[in-house]
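A short write-up of the structure that comes next.
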Number of protein chains: 4
Amino acid sequence: MIVVMKPDASKADVKHMVERIEALGLKAHVIVGTERTVIAAVGDDRKTHKESLESGPGVSEVMPILAPYKVASLELKREPTTVTAGSLVVGGGTIGVIAGPCSVESEEQILTAAKAVKAAGATALRGGAFKPRTSPYSFQGLKEDGLKMLATARDATGLAVVTEVVASEDVDLVARYADVLQVGARNMQNYRLLEAVGSTDRPVLLKRGPSATIEELLLAAEYILNAGNPNVMLCERGIRTFESHTRFTLPLATVVYLHNKTHLPVVVDPSHGTGHTYLVPQMAAASVAAGADGLILEVHPDPENALSDGYQSLTPKQFADTMQLCRKVAVALDKKM
Amino acid sequence: MIVVMKPDASKADVKHMVERIEALGLKAHVIVGTERTVIAAVGDDRKTHKESLESGPGVSEVMPILAPYKVASLELKREPTTVTAGSLVVGGGTIGVIAGPCSVESEEQILTAAKAVKAAGATALRGGAFKPRTSPYSFQGLKEDGLKMLATARDATGLAVVTEVVASEDVDLVARYADVLQVGARNMQNYRLLEAVGSTDRPVLLKRGPSATIEELLLAAEYILNAGNPNVMLCERGIRTFESHTRFTLPLATVVYLHNKTHLPVVVDPSHGTGHTYLVPQMAAASVAAGADGLILEVHPDPENALSDGYQSLTPKQFADTMQLCRKVAVALDKKM
Amino acid sequence: MIVVMKPDASKADVKHMVERIEALGLKAHVIVGTERTVIAAVGDDRKTHKESLESGPGVSEVMPILAPYKVASLELKREPTTVTAGSLVVGGGTIGVIAGPCSVESEEQILTAAKAVKAAGATALRGGAFKPRTSPYSFQGLKEDGLKMLATARDATGLAVVTEVVASEDVDLVARYADVLQVGARNMQNYRLLEAVGSTDRPVLLKRGPSATIEELLLAAEYILNAGNPNVMLCERGIRTFESHTRFTLPLATVVYLHNKTHLPVVVDPSHGTGHTYLVPQMAAASVAAGADGLILEVHPDPENALSDGYQSLTPKQFADTMQLCRKVAVALDKKM
Amino acid sequence: MIVVMKPDASKADVKHMVERIEALGLKAHVIVGTERTVIAAVGDDRKTHKESLESGPGVSEVMPILAPYKVASLELKREPTTVTAGSLVVGGGTIGVIAGPCSVESEEQILTAAKAVKAAGATALRGGAFKPRTSPYSFQGLKEDGLKMLATARDATGLAVVTEVVASEDVDLVARYADVLQVGARNMQNYRLLEAVGSTDRPVLLKRGPSATIEELLLAAEYILNAGNPNVMLCERGIRTFESHTRFTLPLATVVYLHNKTHLPVVVDPSHGTGHTYLVPQMAAASVAAGADGLILEVHPDPENALSDGYQSLTPKQFADTMQLCRKVAVALDKKM
């Protein structure tokens, strides 16, 4: 349910209502809007406490949230959420650009990449230290050493660091080094991990699983929001279909649809979404035109010798060209990029 | 095979080679380029006649065409093809916009629609007279009466008419009224129909089947090209995937991929590709950013009372707004629209 | 609507009601059941004539048909339909087995195949004379010559002939030679063709399109039934999914689901449904266990040199083994095969 | 690589070779066959040590493993693996039947279910205590209390307990109560969890993710095998496709295909694979005909009031009928069930 407070409700009223909601065994999420405050009361759907809450001090009305996701829903919060993490701003008319290699391979590699993407206009650095790999015999990432290299690259460039965390037991470690915690597509429904990143103060980039419905994606976000972390970015990175000329099929209607359902910002990953370098620049531009709040792009100083995902990585030069192309579209649509 | 003629080869040389190719039981398609002429020799792949052709007068070299589609292939013709039909130009930096209702319902309806889309900048009128419908009990179109109403609308507005033909036996009739023959998604592999439209002098808009691979689409185009009609526009209109929040999934990477494989222009249909009016404007803009050479959009004077596809039709006002949005992107990318 | 006649309604009553239904602009399909006769009145759904029909002579009740398909619906006819065509019986506890090569290649080839499949227990011969091929440069079938060879093979073996028709203008020709007209997957929504085969007295084998929903399949069948031909067999031949280790994904739940929705018999094609010879025998057995009323299998005397589909064709020996395997399952489930 | 030992190689030879393999930085998995012993040497693929191993004592030959999965591959071990866990036997001609409710709801519920499925012939009990749920607001399982109830049901019936584990940190706890650890579809690529269950001595039931390729499934199994646990059962539970009349599409060709690629036994889940009770019995029979080594079925004493998955659960009576149907097929195919 949504408890809508009156415009003149006091802080004490809000506090009182939060306590009442919690006394009912529900969780309270306070959303302070520009005009008034609302409180989401979520938990067991089967009982309704509408009447008992309606009579509370400062309460304007109590409404059900029709969507299965509650805190993520536009019904609860109409203003788009802007997520900020150091140099990275995603949403509110600003398009964040997260760029860098698939894996951190060495300090030199990540520093070179970081400087190159910074020079071309990226606002955050990506790079994997814990790599979930399909085969147990593939390179699994440099782990904490990789995190340290990312921190060094941040020191050198000022770019916020976005990196993946693959298990709840690693969340504290990764959060010590990272500005944004990425939950990968394979882990979109790893609920223990979602709860763990939801308990940190780090913004989260949540990637859609390749066969997840949008409702499943929003309910995965809800696990994070419900654990107390309001800074969630949703990421479309392609779905699995019968198409084989691309690695995944990138459905950009996701961006427009999500903007009609949730206040959370939406990032697009054209690198995984297409799987081929030569398709990335125009699909990045199309993402911007579709209204994406951010892009995440694989850029490697030397794609041919990358330890992972070389076939879909841009060179620094290709990335700079892609940025130019995207900026033209962004400017035409009055977006900051 | 491709028989590449020398820059100074004479018309007689070309004629001679065409005869030699045909004497081998192959079909010859002459492509006159800006710098030189090539001849595609297509037919039974199993025998090669490379040596016997290489020695011909004016021949520079003979190369295999590696793609399974031949005349459609970029290997054969590197310059993008521009298709022109009356007021409609698609390709070569100009984005054609085909707009109108799903079905022709009455003269008044189609005239109103035609004037509205013309006023907003459309360069062709769409409208179905022969409607392939999933149920035998649904409205099947006004047939020849509908064609006549389309012709009336063309007379009134100057807009080229794009309309669907569903059977080879109707091709002559439809070609009498239409400027462009549309082959619908359900008929993409109706080879008899493809051969029939390939035998006319009307440009063809060929829609991708909802589970067709790109190779299947290009081979369907090849049926038309091989029958002698070089004016084929390919149309992405969405594929069938597990997603259910949209009617189909619209994979815009198709546009970029096709531009890397074929010289034929690519049109996008965001109306069928999404199935919901509110998703159309931004997906149209994204199509332009992805490099589409044309758009086909459902516009109805009164979507709520449309006999078909009302839920995905734009009102004239929404169409005008969509045009404005798309033009911003087109201008930013130096395209004419 | 369904007009259910009283058990003691006379033929004159039925005739009277048919005329009344037709006078309303609807089509009447009379279904004579073991206990009573019902009349389907189909056409424009928007007006209901319930009251005016209920008062008719011999009428017990008038009910809406809730499914979008009407004549195909189990609501209308509860007894399963058995389709018989010469030696072939499909349904009613008998499993028909249609076997033979993808294409008719020569008289010797089709005769050898026909004798081999007959010896192993097949009850009909398949073989394509008109071949819809993805590429215009592939072997397109022997056309009428192929039909004549099929007729010769029927004369020699007594097997009913099942062969594909690809265009409405060929229906008369093919019906002169064939016992069963096959509508292929690519043509499942070629409505003109469906109407044409619906106007013949030949049973029809209707294959599901690779991305057709079950409702679309049943509505395609409805086109045939509505044109007056009650002998339709539905065929599951695999759908297009993300799986690439099989050519298509064969969803056997289709069989069980269809038996809950329609009285029409259901045939399975494990050859196209898997695309690999070694997967066919056990998937044929699984089809029988799922309740299939028939099987259609590709068998070639010499698969390695087949002009089409060799990789999914059984040798005569493999077919005989497959028959033995399937018969064990059929016998265990009290089916005739 | 596979190091194939000579038939007369001594235990000391095998031990020596294991040490040599490990000294190369590879992992050694010893497979003792009926005729001879082979040792899988797996790890970094990029360097080959063929020559240095070929000269070892008792070595017959050294061959590469071509498949990306190594220990799971039929190249390494040709005899099918039989997995045994208490009352449950899966493989080697015996079809194991795991039945029970989706969630453990109470001691009474699980005891009733256990007795009913035991009486009808099930050989193991399923029941979820840790439930991964799409929504954070849905019932999440009784956790350790649920595990205790499962142990009580095992004591009462002698049935082995199969239950899901959702996080690596829970593996020890769940392994204390369960006979088989289930890894659910959502966690198929939760590699930390795979490694954790691979470190226990409990057999593992690994469910295919709804959009996982077969290669990804086998590589997930490889994580478990490579961690030292040879007792892995693969489970097909349906894939996500465009079909919406079933919850998932159940592709039974998976069973046949896997039997051609791996020695691991294959279990089918027709409950999740169809999502509707009325489709389960015949799809269970079809699974047996396709060669499944086991079935896992949802059975609830009172499906209408189940806390989860009631729409796809069998009643005890329906389960008994399903068992009878499946046994007919199993007997016909000389399988024990």
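The values are calculated or read from the model by the stated rules, or taken from the named source; none is laboratory data. Just so we're clear, the structure is a prediction, and the values are computed from it rather than from any experiment. Cβ coordinates were reconstructed from backbone atoms using ideal geometry, including for glycine residues, and neighbour counts include every protein chain displayed. Ligands, DNA and RNA are stripped out before the accessible areas are found, and what is left, the full protein with its side chains, is counted by its heavy atoms. Shrake-Rupley method; radii C 1.70, N 1.55, O 1.52, S 1.80 Å.
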**Prompt:** How about region A:226-245: which of its residues are open to solvent by less than 10 Å² (accessible area, probe 1.4 Å) and within 14 Å of chain D (Cβ to nearest Cβ)?
**Reply:** A:Asn229, A:Val232, A:Gly238, A:Ile239
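On the basis of being touching a helix residue (DSSP H, G or I) at 6+ places or on another chain (Cβ under 9 Å) and in a helix (DSSP H, G or I), does C:Ile21 make the cut?
Numbers: touching a helix residue (DSSP H, G or I) at 6+ places or on another chain (Cβ under 9 Å): yes; in a helix (DSSP H, G or I): yes.
So C:Ile21 fits the description; yes.
In this structure, is C:His300 open to solvent by 40 Å² or more (accessible area, probe 1.4 Å) and not polar (S, T, N, Q)?
Values: open to solvent by 40 Å² or more (accessible area, probe 1.4 Å): no; not polar (S, T, N, Q): yes.
No: the conditions fail for C:His300.
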**Request:** Report the residue count in region A:52-92 for those that are under 24 Å from A:Ala221 (Cα atoms) and polar (S, T, N, Q).
**Result:** 5
**Unmet criterion (only one of (1) farther than 28 Å from A:Glu107 by Cα; (2) surrounded by fewer than 24 Cβ atoms within 10 Å (Cβ to Cβ); (3) within 7 Å of chain B (Cβ to nearest Cβ)) for A:Phe248** = (3)
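Which of the residues spanning region A:328-337 are open to solvent by 70 Å² or more (accessible area, probe 1.4 Å) and either among the aliphatic types (A, V, I, L, M) or in a helix (DSSP H, G or I) (or both)?
So the first thing to find is which residues in region A:328-337 are open to solvent by 70 Å² or more (accessible area, probe 1.4 Å), and the list is A:328, A:331, A:334, A:336.
A:Lys328, A:Val331, listed by residue number.
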**Request:** Considering only region C:303-316, state which residues are open to solvent by 20 Å² or more (accessible area, probe 1.4 Å), of a type in the set (S, T, N, Q) and assigned to a helix (DSSP H, G or I).
**Result:** C:Asn305
**Request:** Test each condition in (1) within 14 Å of chain A (Cβ to nearest Cβ); (2) of a type in the set (A, V, I, L, M); (3) surrounded by 22 or more Cβ atoms within 10 Å (Cβ to Cβ); (4) part of a helix (DSSP H, G or I) for D:Leu173 and report the one that comes out false.
**Result:** (3)
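Which residues, counting only those in region D:317-327, are crowded, with 19+ Cβ neighbours inside 10 Å, of a type outside the set (A, V, I, L, M) and farther than 16 Å from D:Thr274 by Cβ?
We begin by selecting, within region D:317-327, every residue crowded, with 19+ Cβ neighbours inside 10 Å; these are D:319, D:322-323, D:326-327.
Now drop any that are not of a type outside the set (A, V, I, L, M), which leaves D:319, D:322, D:326-327.
Hit for region D:317-327 is D:Arg327, nothing else.
Would you pick out the residues in region D:49-83 that are of a type in the set (Ser, Thr, Tyr) and open to solvent by 80 Å² or more (accessible area, probe 1.4 Å)? Talk me through it step by step, then tell me what you get.
At the first step, the residues of region D:49-83 found to be of a type in the set (Ser, Thr, Tyr) are D:52, D:55, D:60, D:69, D:73, D:81-82.
Across region D:49-83, the qualifying residue is only D:Ser55.
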**Request:** Scan region B:121-151 residue by residue and report those that are over 22 Å from the mean Cα position of the chain (by Cα), surrounded by fewer than 21 Cβ atoms within 10 Å (Cβ to Cβ) and at pLDDT 95 or above.
**Result:** B:Glu144, B:Asp145, B:Lys148
**Asked** Here are some conditions: (1) closer than 25 Å to C:Met17 by Cβ; (2) in contact with a helix residue (DSSP H, G or I) (Cβ under 7 Å, 6 or more places away or on another chain). C:Ile65 meets all but one. Which one does it not meet?
**Response** (2)
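Would it be correct to say that D:Pro265 is more than 9 Å from chain C (Cβ to nearest Cβ) and not charged (D, E, K, R)?
On the way: more than 9 Å from chain C (Cβ to nearest Cβ): yes; not charged (D, E, K, R): yes.
When the stated conditions are applied, D:Pro265 passes them.
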**Asked** Within region D:1-48, restricting attention to residues that are basic (Lys, Arg) and more than 18 Å from D:His263 (Cα to Cα), which residue is least open to solvent (accessible area, probe 1.4 Å)?
**Response** D:Arg20
**Asked** Just one of the numbered conditions (1) within 13 Å of chain C (Cβ to nearest Cβ); (2) in a strand (DSSP E or B) is not true of D:Glu298; which one?
**Response** (1)
**Complete:** In region D:86-101, anything open to solvent by less than 10 Å² (accessible area, probe 1.4 Å) and either more than 15 Å from the chain's Cα centre (by Cα) or farther than 18 Å from D:Gly291 by Cα (or both) is listed as D:Ala99, D:Gly100, D:Pro101
**Prompt:** Is it the case that B:Glu216 is touching a Ser or Thr at 6+ places or on another chain (Cβ under 8 Å), more than 13 Å from B:Lys70 (Cβ to Cβ) and away from chain C (no Cβ under 13 Å)?
**Reply:** no
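Restricting the search to region C:136-163, which residues are touching a Leu at 6+ places or on another chain (Cβ under 8 Å) and within 14 Å of another protein chain (Cβ to nearest Cβ)? Spell out how you get there, then give the answer.
Taking region C:136-163 and keeping what is touching a Leu at 6+ places or on another chain (Cβ under 8 Å), we get C:136, C:139, C:144, C:147, C:149-150, C:152-154, C:156-157, C:159-163.
Scanning region C:136-163 gives C:Pro136, C:Phe139.
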**Complete:** Being in a strand (DSSP E or B) and among the polar types (S, T, N, Q) narrows D:Gln182, D:Gln189 down to just D:Gln182
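For region D:22-43, which positions are among the β-branched types (Val, Ile, Thr) and within 14 Å of chain A (Cβ to nearest Cβ)? It would help to see each step written out before you state the result.
Looking only at region D:22-43, we keep the residues that are among the β-branched types (Val, Ile, Thr), and these are D:30-32, D:34, D:37-39, D:42.
Listed by number, the list holds a single entry, D:Val42.
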